[in-house]
Amino acid sequence: MARSDTRAPTGTPLSRAMRPVNAVVERYIPSALVFAIVLTFVVGLMAVALTDSGPVDVVASWGEGLSGLLDFITQMALILLLGHMLAHTRPVQRLLKALGSLPRTTMQAYLFVFLVAAIASLITWGLGLVVAALIAREVAAQGRERGLQLHFPMLVAAGFSGFVVWHMGYSGSGPLLAATEGSFIADQLGAPIPVSETTYSAWNLIAIVVTLIAVAGALYLVAPRPGEKVREFVTDEPVTAPARTDEERTPADRVDGSRVLTTLLGLLLAGYLVHHYATGGSLTLDIVNWTFLCLILLLVANPFEMIALTRNAASNVGEILLQFPLYAGILGIMTASGLVEIISAWFVNISTPVTFGLLTFLSAGLVNLAIPSGGGQIAVQGPVMIDAANQIGVDPAIALMAIAYGDQWTNMIQPFFALPLLAIAGLKIRDILGYTTVTLVASGIVFGGTMLLISL
């Protein structure tokens, strides 16, 4: 007689419950490019059905919108290119190895990657995305050497989960825009809203801490346990300058192999950065990029190494350049047709002063699926919701932070901002979506609860 299998199921109840979800996601969720294409047609059909725009109007607004994020696309391409290059310089490789050696168990590894990425995202969102991918790779590589059975998609998902708090931090585009004299938000309100009432308010700072605890707990519960099947990271060697094979070097070779020019240019860029901050400049995505470039110039051995690093990193940029114009086109449809105003107004019509923050947060999460750029969403949805807040008698700071919370919230299931991280990690959105969906749920409870509590 055959013996029955009496082995206890592995994993926590949450991780077991997520296995069917993960299986469906891995099998049926398309690539990020297909997601963007499908979303383009869905938003276009919605605009035709729900607004006065006809098919020709929608096509025209889509085409005109394609170039609407060219500056942003360039910034994203640079941060991916320069972040990849910086990560493969010899000194940064040594730093990453030191950080990667800190986690001693599989669970420590997952939570460590999440925490590091979250801290970086609170400083500036672009830094958070790059750091998340780089630290996940290094922790995975060192964990493999020590015999840890680390599930690499889980590590990358933990890193991307740290991005869920970016709009609550230093680089939050909504609060910064509202605090800027002369911005369209400040002009609409009649005066700027200081960041002390938004980003640095006590309730937002508390919400950051609670969100980190909640998401860390969710990741702990969903992480693979010993004995479960994992997909380990296959390490690669850092890219360095090509080896010299010629005995007699020409004067041009000696210039290309000299450290002098890259160091001088790096010092020049460092001087500019010092001047920028000394004269009251703030941390922006451009400044993050120039900081990366400055460090690369100062850390590489010579121009030959920099060329090698550039060639290796360039292969990660192509997918970004192709998909971001599609989202710019979607933004064009949403803006020109007034579809975003219809979505927002529907939530406003069912709001009260107590529920306004919560419903604005939910509407912002929905709008973010089509307009994933934080600055773009504030530009489109911000004036509508601030006007509604004034009509209902709600503090405009609540409206602004509700949009900020919604914008960062559904990034967990929107591949737009995951693209740089996934490109560096060498994964697809389907590899991490099952885990980041758990982050969406855990953070959503905190964000929604915060909006309700501060509105009482």
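The values are calculated or read from the model by the stated rules, or taken from the named source; none is laboratory data. Not measured: the values here are computed from a predicted model. When we count neighbours, we look across all protein chains shown, and the Cβ atoms used for this are built from the backbone with ideal geometry, even at glycine. Note: accessible area is taken over every heavy atom of the protein model, side chains too, but ligands, DNA and RNA are not part of it. Shrake-Rupley method; radii C 1.70, N 1.55, O 1.52, S 1.80 Å.
Mind running the shape call on region 415-456? Use the C-alpha gyration tensor, a ≥ b ≥ c as the square roots of the eigenvalues: rounded below 1.5 for a/c, prolate if a/b tops b/c, oblate otherwise.
Taking the square roots of the gyration eigenvalues as a ≥ b ≥ c, region 415-456 is prolate.
Please give the per residue volume of the convex hull enclosing the alpha carbon atoms of region 358-399, rounded to a whole number of Å³. Walk me through the intermediate numbers first.
On the way: hull volume 2.5 nm³, N = 42.
Here the figure is 59 Å³ per residue.
How large are Rg and Dmax for region 57-123 when only the alpha carbon atoms are used, in Å?
Over region 57-123's Cα set, Rg and Dmax evaluate to 18.8, 58 Å.
Quickly estimate the mean residue ellipticity at 222 nm for the chain, helices only: each DSSP H run with n ≥ 4 gives -39500 (n - 2.57), and the total goes over all residues, rounded to 500.
That calculation yields -23000 deg cm²/dmol at 222 nm.
For the chain, restrict the atom set to alpha-carbon positions and state the Rg and Dmax in Å.
According to the Cα coordinates of the chain, Rg and Dmax are 23.5, 83 Å.
For a bin width of 5 Å, list the pair-distance distribution of region 328-368 built from all Cα-Cα distances, rounded to whole %.
Distribution as computed: 5, 25, 29, 20, 11, 7, 2, 0 percent.
Leaving out ligands, DNA and RNA, what percent of the accessible area of the chain is carbon and sulfur, probe 1.4 Å?
66
Let me check the size of region 288-361 from its C-alpha atoms; what are the radius of gyration and Dmax in Å?
22.3, 63
If R₀ is 35 angstrom, what is the calculated FRET efficiency for the pair SER67 and ARG225, using the beta carbon separation as r and rounding to 0.05?
After rounding, the FRET efficiency stands at 0.10.
So what is the accessible area of the chain per residue, in Å², with the probe set to 1.4 Å? Intermediate values should be presented prior to the final figure.
Working: 19970 Å² over 456 residues.
About 44 Å² of surface per residue is accessible.
Using only the alpha carbon atoms of region 67-191, find the Kirkwood hydrodynamic radius as the inverse mean reciprocal pair distance, in angstroms to one decimal.
Details: mean 1/r = 0.0628 Å⁻¹.
By the Kirkwood definition, the hydrodynamic radius is 15.9 Å.
Per Stokes-Einstein, at 10 °C and 1.306 mPa s, what whole-number D in µm² s⁻¹ belongs to region 297-416, with the Kirkwood radius over Cα pairs as the hydrodynamic radius?
In µm²/s, the coefficient rounds to 98.
So, by mean Cβ neighbours within 10 angstrom, what's the order for 371-380, 407-416 with the highest one leading?
Highest-to-lowest ranking by the protection proxy: 407-416, 371-380.
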